[in-house]
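Data block below; observations after.
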Amino acid sequence: MDPLAQLSDIHLPNNVHNYPIAPGWWLIAVIVLAFMIYGVIKIRQYYSKRKVQKLALKQLAATTEISTMVTILKWAALQYFPREQVAHLTGEAFKVFLKSTLPVKHQSNFFELSGEHFTSVYQNDSASQISSDFSSAAKLWLKYALPPKQDLSKLSHSKIKDEYVSVQSVSSTEVENESVDITTDKSGVKA
C-alpha cells in the first residue's frame with residue numbers, strides 16, 4: 001500500500017470572524033461615544049445660552065426709543081440674573097447693575113455711552129427721544145455681559161448697592177454745586 005494514498009485532502013480552517021472584538025476596542029468606542037455626547041451637549045448649551053442675547057440684539061436693532069431699549073435691557077437681564085437682584089432696579093441703580101456685570105475693560109465706555117438716559121426714561125418727553133449713543137451702550141452690554149461669565153455669587157447685592165450709593169452721592173454733589181451757581185447768577189453777585 002501506498003502511504004500517500006491514505007492522506008486526505010487538506011481542509012482549510014473556518015474563516016476567523018472579527019467578533020468578539022477585543023476589550024480595548026470596546027473601551028475606545030465607549031470613550032469616543034462619550035466625547036461625542038459631551039460635545040453635542042456643550043454645543044446645545046452654548047446656543048441655548050445665547051438665544052436670549054441674539055433675540056435682544058434683534059429687538060434692539062428694530063427700535064429707536066430709549067424707553068423701549070431700557071425695557072429690552074431689563075428683559076434680557078431678567079433672563080440671565082436672579083429676579084430678586086434685577087426686578088426692583090430702575091434708573092441709576094439699574095445702570096450701575098449693568099455696569100457691574102460688564103467686564104472691567106468695557107465699563108467706562110458703557111458709562112460714557114449711556115449718559116443720563118436711564119433717568120430720562122421717566123421724564124415726560126423721553127418717549128420721543130432717539131439716541132444712537134444709548135443704542136451703542138445697550139449693544140455693548142448685550143454683547144459683552146451676556147451670558148454672564150462670572151459667578152453670580154461674586155456679584156453681590158451689597159457691591160451693587162455700594163456703587164449706587166457712590167454714584168448718588170457724586171450726582172447729588174453736582175446738583176448742589178449747580179444750584180449754588182444758579183442762585184449766584186440770578187442775584188447778579190459773583191462769588
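Highest mean packing comes first when the peptides 81-91, 60-70 are listed by Cβ atoms within 10 Å, giving 60-70, 81-91. For region 1-134, the residue among L55, Q107, P20 whose Cα projects farthest onto the positive side of the dipole built from Cβ charges is Q107. Per residue, the accessible area of region 39-148 comes to 54 Å², computed with a 1.4 Å probe over protein heavy atoms only. For the cross-link pairs K105/K143; K95/K143; K42/K105, the ones whose C-alpha atoms lie over 24 Å apart are K42/K105. In region 46-139, the portion of solvent-accessible area held by carbon and sulfur atoms comes to 53 percent [1.4 Å probe, whole percent, DNA, RNA and ligands not counted].
Assuming charge only on the beta carbon of Lys and Arg (+1) and of Asp and Glu (-1), the dipole of region 1-99 about its Cα centre is about 1080 debye to the nearest 20. Ranked by the mean number of other Cβ atoms within 10 Å of their residues, highest first, the peptides 21-28, 135-142 fall in the order 135-142, 21-28.
The values are calculated or read from the model by the stated rules, or taken from the named source; none is laboratory data. In this text the structure is predicted, and so the values were computed from the model without any measurement. Using ideal geometry, Cβ is built from the backbone for each residue, glycine included, and neighbour counts are taken over all protein chains shown. To get the accessible areas, we keep the full protein, side chains included, count just its heavy atoms, and leave off ligands, DNA and RNA. Shrake-Rupley method; radii C 1.70, N 1.55, O 1.52, S 1.80 Å.
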